[in-house]
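Computed from the coordinates by the stated procedures, all read-outs in this text should not be read as laboratory data. These numbers were taken from a predicted model, which means no experiment stands behind them. Glycine gets a Cβ as well: all are built from the backbone with ideal geometry, and neighbour counts include every protein chain shown.
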Amino acid sequence: MEDVGFNTMAGPRATGTAPEIGVGMLGYAFMGKAHSNALKKMPYMMYPPVAIPKLVAIAGRNVEGVTEAARRYGFAKAYTDWRQMIDDPEVQVIDNSGPNNLHLEPNLAALKAGKHLISEKPLGRTAEECHTMWAAAKKAKVVHQVAFNYRFVPAVRLVRDLIDSGKLGRIYHFRASYLQEWIADENFAMVWRLDKKIAGSGALGDLGSHIIDLARFLVGEPKSLMARTGTFIKERPGAGGKKEKVTVDDAFEAVVEYKNGALGTLEASRFAPGRKNHNTFEINAEFGSVRFNLENMNVLEVFMKDQDKNIQGFTQVLVSESYHPFWKNWWPQGHIIGWEHTFVHQFAHFFDAVVNKAPVTPMAADFEDGYRNAVICDAILQSAQERKQVDIKY
């Protein structure tokens with residue numbers, strides 16, 4: 001199908017030495033909105049910018065929807081065929097924010113075309129899909145990044161700094177839980193996230209992949225795991241009210257052994273009434289402990305064993321000082337930032353790699369990380385199905 005276009009690029013553009021990089025985005029719903037917001041905000045907040053994202057094109061299957069998204073977000077062109085967007089010579093970067101079943105084929109096409117690529121998580125529906133994309137990315141020799149945006153929360157990055165500095169010492173435990181409530185109502189209608197053919201998995205890929213990534217980012221590689229999954233409501237109202245089968249997990253629990261000797265648990269559920277976006281983790285280590293909750297994302301709870309014995313206990317650290325990760329670009333201390341800003345940090349990192357050949361890893365996730373994450377997801381499903389321990393093998 002053809003460009004349904006109109007031009008929304010009128011008006012002044014940012015000036016300076018930073019190059020303009022043409023962006024083509026696949027998908028325009030929840031993640032498309034978050035990514036568009038970050039692309040527009042990045043040049044004037046992460047200043048001076050490494051690049052000026054030029055919103056060249058956006059692609060989606062619905063002509064009315066994608067046209068309205070282009071108008072709303074400020075993309076110059078709207079395509080109903082992502083292939084045409086990838087072929088557009090003005091597009092240098094592909095930003096894939098589409099559903100999971102639209103990762104493999106478009107990503108491979110983008111890599112074959114030599115486009116730099118940032119793709120939403122999970123990278124693919126299975127480890128096999130992810131390995132195919134990783135192999136293609138290595139061959140293409142372009143910048144490739146997976147949008148695990150919680151690596152870019154200032155408090156999370158501060159935890160990484162504490163670990164890297166040795167201030168926490170040897171890690172004993174990593175416990176993570178990602179809980180939401182949005183499908184707990186049995187009358188909630190069937191959506192693509194409940195269909196294995198589209199999503200690959202349920203709470204596991206949607207929420208669990210985030211905490212699996214944080215575990216790898218902060219603690220290291222897992223050695224083995226044992227897991228259980230559950231599907232609590234097995235049918236949902238579909239089109240016309242007809243019941244459709246839910247083919248993914250509603251929740252999972254896993255016990256994990258890490259290669260460095262640490263033990264941990266991973267849990268995700270979309271059946272946790274009262275939990276809106278409750279992404280939490282706790283690390284217990286040789287010299288202290290840290291706790292984090294995304295619903296209070298500017299605060300890190302810290303306990304150090306060598307602190308004054310008269311005031312023992314966790315201290316709430318407001319991570320908003322100018323010397324804290326990412327904060328030099330934002331507001332005075334105590335003027336907190338939010339979930340949306342993690343995407344700004346993420347894109348600044350990505351474009352630095354595109355323009356300056358800065359490394360994507362270890363601070364961001366590349367397609368190898370996306371593959372390893374999927375191996376762990378697959379192992380959780382295998383363990384739950386076979387009801388036994390599974391060793392992690394890449």
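Quick notes
- Two-site label geometry, Leu263 and Arg160: point separation in nm, points 7 Å out along Cα→Cβ: 2.8 nm
- Cα centre as origin, Lys/Arg/Asp/Glu Cβ charges: the chain dipole, Debye: 180 debye
- Of interest is the spacing of the C-alpha centroids, which for the stretch 260-318 and the stretch 40-100 amounts to 37 Å.
- A simple spin-label model places the labels of Ala239 and Asp391 4.7 nm from each other, with each point 7 Å out along Cα-to-Cβ.
- Those aspartates and glutamates that a straight Cα-Cα span of less than 15 Å connects to Lys357, excepting residues fewer than 8 apart in one chain: Asp366
- The length gained by stretching the chain between Ser322 and Asn296 to full extension, at 0.36 nm per residue less their Cα-Cα distance, is 7.5 nm.
- Gyration tensor (alpha-carbon) shape descriptor, the stretch 260-394, a/c threshold 1.5: oblate
- Distance violations [Cα-Cα > 23 Å] among Lys41/Lys77; Lys115/Lys139; Lys115/Lys197: Lys115/Lys197
- Taking a straight Cα-Cα cut-off under 19 Å and skipping sequence neighbours fewer than 8 places away in the same chain, the lysines within cross-link reach of Lys305 are Lys167.
- Added length on full extension, which subtracts the Cα-Cα distance from 0.36 nm per residue, Met45 to Glu64: 3.6 nm
- Alpha-carbon spread of the stretch 20-149, three principal axes, descending order, Å: 36, 36, 27
- Estimated [θ] at 222 nm from DSSP helical runs (n ≥ 4, -39500 (n - 2.57)) normalised by residues in the chain, nearest 500: -9500 deg cm²/dmol
- Projecting label points 7 angstrom from Cα along Cα→Cβ for Arg228 and Arg170 puts them 3.1 nm apart.
- Spin-label zone in the stretch 41-74 - amide nitrogen under 19 Å from a point set 7 Å from the Cα of Glu105 along the C-beta vector: 58-63, 66
- The stretch between Gln312 and Trp182 holds 43.0 nm of extra length on full extension. This uses 0.36 nm per residue minus the Cα-Cα distance.
- The stretch 202-241 versus the stretch 105-123: alpha-carbon centroid distance in Å: 23 Å
- In this structure the amide hydrogen of Gly288, modeled in the peptide plane, comes within under 5 Å of the amide hydrogens of Lys305, none closer than 5 places in sequence on its chain.
- Of the peptides 231-244, 157-170, the order by per-residue mean of other Cβ atoms within 10 Å, starting with the highest, comes out as 157-170, 231-244.
- When the convex hull of its Cα atoms is viewed from all sides, the stretch 160-311 shows a mean projected area of 10.5 nm².
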